[in-house]
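Structure, as structure tokens:
The values are calculated or read from the model by the stated rules, or taken from the named source; none is laboratory data. Keep in mind it's a predicted model, so treat the numbers as computed, not measured. Counting neighbours? That spans all protein chains shown, and the Cβs are built from the backbone with ideal geometry, glycine included.
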Amino acid sequence: MTGITRTTKEKIIKAFFFIIAATSVIILGLIILSLFREAWPIFRATSMKDFLFGTEWYPTYDPPSFGIWPLIVGSLIVTVCSTLIAVPIGVLSAIYISELAHPRAKEILKPVIELLAGLPSVVLGFFGMVVLAPWLQDTFDLPTGLNIVNASLMLAIMAIPTISSISEDALYSVPREFKEASYALGATKYETIVRVIVPAALSGVSTAVILGMSRAIGETMVVLMVAGGAAAVPESLFDSVRPMPASIAAEMGETPFRSDHYHALFAIAVVLFFLTLAFNLIADYVSHKFREEGSATL
Amino acid sequence: MKSGNLRWRYIKQFLFFGLVKLAVALIALALGGILLYLLMQGYSAISWDFLTKPPTDAMTKGGIMPAIIGTFYLMVGSIAVSLPLGVASAVYLSEYSKKSRTLRIIRIGINCLAGVPSIVFGLFGLGLFVVYLKFGSSILAGSLTLGILILPTIIGASEEALKGVPQTFREASLALGVSKWQTIYHIVLPNALPGILTGSILGIGRAAGETAPIMFTAAAFFTARLPASIFDEVMALPYHIYVLATAGTRIEETRPLQYGTALVLIALVLGINFVAILFRSYTRRRKSW
Amino acid sequence: MVKLNEHDGSIISVQDVNFYYGASKALTDINMSFKKNQVTALIGPSGCGKSTLLRLLNRMNDLIDGTRVEGRVYFEGKNIYDPHVDPVDIRRKIGMVFQKPNPFPKSIFNNIIYGPTLSGAGSRSDLSALVEKSLKQSVLWDEVKDILNQSAMRLSGGQQQRLCIARALAMNPDILLMDEPTSALDPISTAKIEELIDELKKDYTIIIVTHNMQQAARVSDETGFFYLGKLIEYNQTAKIFTKPDLKQTEDYITGRFG
Ligand SMILES: Nc1ncnc2c1ncn2[C@@H]1O[C@H](COP(=O)(O)OP(=O)(O)OP(=O)(O)O)[C@@H](O)[C@H]1O
Ligand SMILES: [Mg+2]
């Protein structure tokens with residue numbers, strides 16, 4: 001043995017791995033820190049209340065006005081609309097893949113869905129911009145096709161593979177005995193799915209839904225390219241909006257370094273960060289409950 | 001009466017299954033339609049010159065070679081950052097950690113990191129790497145940002161791969177008087193390698209397709225020459241699509257370039273993911289335990 | 001304090017041991033010493049703590065979170081639960097064969113040299129000799145001598161188990177612990193391994209857990225009967241199986257319970 005004993009060496013190795021594993025937490029801390037550091041000064045120019053609930057986002061006017069309420073509403077509305085589209089389609093397709101599809105079909109469908117989950121969002125944004133927008137504009141005779149409907153549709157298309165794939169895992173892991181017990185009691189396949197399988201997989205499915213929403217609210221390129229960019233509280237689904245990520249992405253390149261506007265954009269990132277954090281903590285809680293109590297808690 | 005009831009149950013089932021199939025058809029229609037449309041529109045723009053020549057005439061003509069190269073650098077850079085960190089984190093989580101509050105904090109941290117929006121990573125990279133550490137907008141700053149973005153994916157995949165190695169292998173090795181680290185290094189990691197590789201390839205695919213994180217940390221609108229060091233800015237495929245489609249005065253005129261670039265990016269990302277999925281099913285079938 | 005090890009020819013001895021999985025107690029007040037170059041069988045109904053005791057002897061229980069040991073286990077005059085003792089050293093001297101054969105997904109050759117190379121054994125030719133010697137000891141050599149580079153996963157269950165024995169023997173241990181080594185095997189493989197145990201006892205001390213009464217009677221010199229985490233009776237095998245001291249032991253052996 002060269003100097004240090006094996007036990008010491010093993011301890012050093014373990015400590016090394018611990019430090020690396022802790023980097024994720026450190027990075028998360030750094031993210032929070034650096035966001036706050038750059039966001040903080042905006043509250044010299046405006047109050048927290050005016051910032052969050054002010055309805056006017058005119059960062060480049062003189063005097064500027066930093067109310068992000070329209071941006072928050074924009075984010076929430078496209079998230080909710082896209083969820084309303086993506087959840088039923090995603091979950092129903094998961095039911096198909098897990099319960100109805102022929103094993104051969106399943107073997108193809110599952111990887112295809114997984115593949116599509118990797119479609120770059122800039123491509124979807126691009127498609128929404130050059131194909132869906134003109135079509136919407138012509139068909140509904142609108143001033144612009146870049147609006148809530150377009151953004152929600154493209155976001156939904158982006159979220160569906162994620163929701164479908166995670167839901168399918170949850171449905172698939174429902175124990176066979178449950179299904180058999182249900183069939184043995186004379187239930188139809190439909191009844192078994194709706195009364196037994198889906199409830200048993202509910203936490204997994206809800207996790208999928210929450211994660212899908214969290215992706216939608218944080219997604220940048222799609223809303224940057226197809227939401228239209230109007231920083232006003234919308235009155236109809238065919239209005240343009242400017243969700244928070246779009247605002248940051250569009251304006252950060254143009255704004256002077258460490259101006260009030262720059263700080264305001266970082267403050268928006270803080271809001272966005274905590275919003276998605278909340279979603280993820282809920283998802284973490286739900287899936288934990290699922291894992292610990294398992295299918296026993298029907 | 002009874003048979004009428006049963007009939008109604010079967011009608012319900014019929015309707016429900018119809019709905020389920022409709023959902024699948026909608027997905028196939030939407031995603032298949034989008035891919036097919038982009039393929040048809042982009043196909044004609046693709047040529048050898050398009051792939052190997054730089055843009056010309058203020059980016060209204062020519063190819064996308066610098067963007068392909070730039071994306072390649074960012075892919076390599078981000079995996080170089082995230083693979084060692086990710087695998088080592090996973091080794092701690094799967095092999096060393098005991099159930100404790102610290103462990104719970106680390107897990108929550110990783111989950112939260114996985115959920116951070118990509119634009120927030122972009123700002124973080126801007127604040128820390130570009131400004132504070134003075135890397136400037138560069139391959140280095142972009143790779144670090146993307147590397148952190150895909151870190152949770154790599155950790156997750158690696159941990160799953162490590163957990164998949166049967167406990168009996170570890171016991172057999174330890175019972176021979178082999179130390180824990182040697183057991184990990186000689187038995188656990190080699191057997192987890194296929195899973196780790198699959199996760200890495202998927203991570204690379206994700207990094208290749210991201211736009212928001214590199215907007216302020218690495219991506220250049222246009223560069224006249226190829227990057228000479230990791231402190232240079234690069235063009236990148238996703239950002240190039242965005243730029244061509246939204247900025248400039250001749251957006252309509254450059255449509256073919258936009259479709260072409262989009263098609264190249266889709267082919268790249270889906271190709272990478274496809275390789276990962278194929279590789280995974282191949283190693284799963286070959287697995288001897 | 002008596003140094004049990006020296007005076008009665010025992011190689012390892014357990015003194016006043018209690019063992020806990022979290023809050024539940026799996027072993028109570030165990031005192032037991034194992035004689036050198038003998039085969040000791042541990043018998044008793046399922047869940048009585050046989051495996052726990054076996055794994056305690058080479059500190060394999062360390063791998064399970066939340067376990068706790070009270071008492072001492074003396075080996076070579078030292079308490080192996082002393083904080084200064086490195087379990088890795090102990091496991092090199094006390095080998096183990098598991099219930100289910102668990103070869104590594106490597107070649108037969110590499111399975112055997114795995115332990116020795118990692119604890120710093122010599123050259124390639126030494127290793128070849130070691131592989132041959134270990135495989136001969138475990139009576140597998142003739143069956144595999146031409147396929148040493150083939151994956152061990154392709155062997156039959158019985159062959160895999162003998163490979164695992166060879167792998168343990170390659171470390172040249174003092175003691176070999178075997179936890180139901182034949183319970184996953186067919187009768188012919190079982191017979192081969194029983195013969196093997198008889199052979200090995202010349203060079204090694206063997207402690208074997210078994211549910212098979214005939215097996216215990218056939219292969220062992222000493223037998224310990226456990227019940228609910230306690231050592232009920234510990235005696236020469238011949239005595240245990242013909243005229244046990246306690247009625248409880250007799251009931252178990254004759255199949256009246258458990
Ligand atoms: N990893 C563990 N965690 C908690 N309790 C355990 C664990 N392993 C064993 N036990 C408990 O300790 C007791 C003794 O178990 P042990 O495995 O030693 O029994 P055994 O005599 O080997 O049984 P068998 O003949 O079935 O192998 C049992 O009550 C068992 O439930
Ligand atoms: Mg046992």
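Quick look at the numbers
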item: 3 or more residues outside the structural domain of A:LEU272 (by TED's automatic domain parsing) and at pLDDT 95 or above: qualifying helices (runs of 4 or more DSSP H) within segment A:1-61; result: A:6-39
item: From C:LYS106, C:LYS93, C:LYS78, C:LYS100, residue being within 14 Å of ligand 1 (Cβ to nearest atom) and on the phi < 0 side of the Ramachandran plot; result: C:LYS100
item: Count of segment B:68-93 residues which are over 18 Å from B:VAL234 (Cβ atoms) and of a type in the set (Ser, Thr, Tyr); result: 3
item: Boolean, B:ALA207 is more than 10 Å from chain A (Cβ to nearest Cβ), surrounded by 14 or more Cβ atoms within 10 Å (Cβ to Cβ), out of contact with any Cys (no Cβ under 8 Å at 6 or more places or on another chain) and within 20 Å of B:ILE150 (Cβ to Cβ); result: yes
item: Where a residue in segment C:52-74 is aromatic (Phe, Trp, Tyr) and its partner, wherever it lies, is part of a helix (DSSP H, G or I) and away from ligand 2 (no atom under 16 Å from the Cβ), with Cβ under 9 Å and at least six apart; result: C:TYR74/C:LEU4; C:TYR74/C:ASN5
item: Only listed residue being of a type in the set (A, V, I, L, M) and surrounded by 16 or more Cβ atoms within 10 Å (Cβ to Cβ), chosen from C:ILE108, C:ILE147, C:ILE188; result: C:ILE108
item: C:ALA168, sole failed condition from (1) in contact (Cβ under 8 Å) with a residue 60 or more places away in the chain; (2) within 16 Å of ligand 2 (Cβ to nearest atom); (3) crowded, with 18+ Cβ neighbours inside 10 Å; result: (2)
item: Among the residues listed as C:ALA184, C:ALA168, the single one being within 14 Å of chain B (Cβ to nearest Cβ) and within 16 Å of ligand 1 (Cβ to nearest atom); result: C:ALA184
item: Qualifying residue in segment A:62-80 (condition: within 11 Å of another protein chain (Cβ to nearest Cβ), under 15 Å from the mean Cα position of the chain (by Cα) and either surrounded by fewer than 24 Cβ atoms within 10 Å (Cβ to Cβ) or in contact (Cβ under 8 Å) with a residue 12 or more places away in the chain (or both)); result: yes
item: In segment C:21-42, residue farthest from C:GLU194 (Cα to Cα) [restricted to those that are within 9 Å of ligand 1 (Cβ to nearest atom) and not in a loop (DSSP other than H, G, I, E, B)]; result: C:SER24
item: Unmet criterion (only one of (1) in contact (Cβ under 8 Å) with a residue 24 or more places away in the chain; (2) within 12 Å of another protein chain (Cβ to nearest Cβ); (3) closer than 29 Å to B:ILE201 by Cα; (4) under 22 Å from the mean Cα position of the chain (by Cα)) for A:LEU146; result: (3)
item: Residue tally, condition more than 7 Å from every other protein chain (Cβ to nearest Cβ), part of a loop (DSSP other than H, G, I, E, B) and either surrounded by 24 or more Cβ atoms within 10 Å (Cβ to Cβ) or within 25 Å of the chain's Cα centre (by Cα) (or both), over segment B:145-190; result: 2
item: Positions within segment A:176-214 being of a type in the set (A, V, I, L, M) and over 26 Å from B:GLY115 (Cα atoms), in sequence order; result: A:ALA181, A:ALA184, A:LEU185, A:ALA187, A:ILE193, A:VAL194, A:VAL196, A:ILE197
item: Qualifying residues in segment C:43-71 (those that are surrounded by fewer than 16 Cβ atoms within 10 Å (Cβ to Cβ) and away from chain A (no Cβ under 14 Å)) - the one farthest from ligand 1 (Cβ to nearest atom); result: C:GLU70
item: Matching residues, segment B:16-42, being at the interface with chain A (Cβ under 7 Å from one of its Cβ atoms) and among the small types (Gly, Ala, Ser); result: B:ALA23, B:ALA30
item: Answer residue from segment C:7-35, given it is loosely packed, with under 14 Cβ neighbours inside 10 Å and either within 14 Å of chain B (Cβ to nearest Cβ) or not hydroxyl-bearing (Ser, Thr, Tyr) (or both) and is nearest to ligand 2 (Cβ to nearest atom) among those; result: C:GLY22
item: Neighbours by Cβ (under 7 Å, 6+ apart or cross-chain): first from segment C:40-51, under 19 Å from C:GLN236 (Cβ atoms); second near ligand 2 (Cβ under 9 Å from one of its atoms); result: C:LEU42/C:LYS50; C:LEU42/C:LEU54; C:LEU42/C:VAL209; C:GLY44/C:LYS50; C:LYS50/C:VAL209
item: One residue from A:LEU35, A:LEU30 being within 29 Å of B:ASN111 (Cβ to Cβ), in contact with a Gly (Cβ under 8 Å, 6 or more places away or on another chain) and either surrounded by 12 or more Cβ atoms within 10 Å (Cβ to Cβ) or within 14 Å of chain B (Cβ to nearest Cβ) (or both); result: A:LEU35
item: Residue ranges of helices (runs of 4 or more DSSP H) in segment B:43-138 with at least 3 members facing another protein chain (nearest Cβ under 7 Å) and over 28 Å from A:LEU265 (Cα atoms); result: B:65-91
item: Among residues of segment C:103-145, those that are over 23 Å from the mean Cα position of the chain (by Cα) and either aliphatic (A, V, I, L, M) or not in a helix (DSSP H, G or I) (or both), counted; result: 10
item: Test result for A:GLU168, touching a residue at least 60 places away in the same chain (Cβ under 8 Å) and more than 27 Å from B:GLY42 (Cβ to Cβ); result: yes
item: C:SER134 vs. criteria out of contact with any strand residue (DSSP E or B) (no Cβ under 9 Å at 6 or more places or on another chain), of a type in the set (S, T, N, Q) and within 10 Å of chain B (Cβ to nearest Cβ); result: no
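So that you can scan it fast, the table gives a plain yes or no per residue for (1) over 13 Å from the mean Cα position of the chain (by Cα); (2) of a type outside the set (Lys, Arg); (3) within 16 Å of B:ALA212 (Cβ to Cβ); (4) at the interface with another protein chain (Cβ under 10 Å from one of its Cβ atoms):
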residue	(1), (2), (3), (4)
A:GLY212	no, yes, no, no
A:ILE217	no, yes, yes, yes
A:GLY228	yes, yes, no, no
A:VAL233	yes, yes, no, no
A:ALA246	yes, yes, yes, yes
A:ALA249	yes, yes, yes, yes
A:THR276	no, yes, yes, yes
A:LYS289	yes, no, no, no
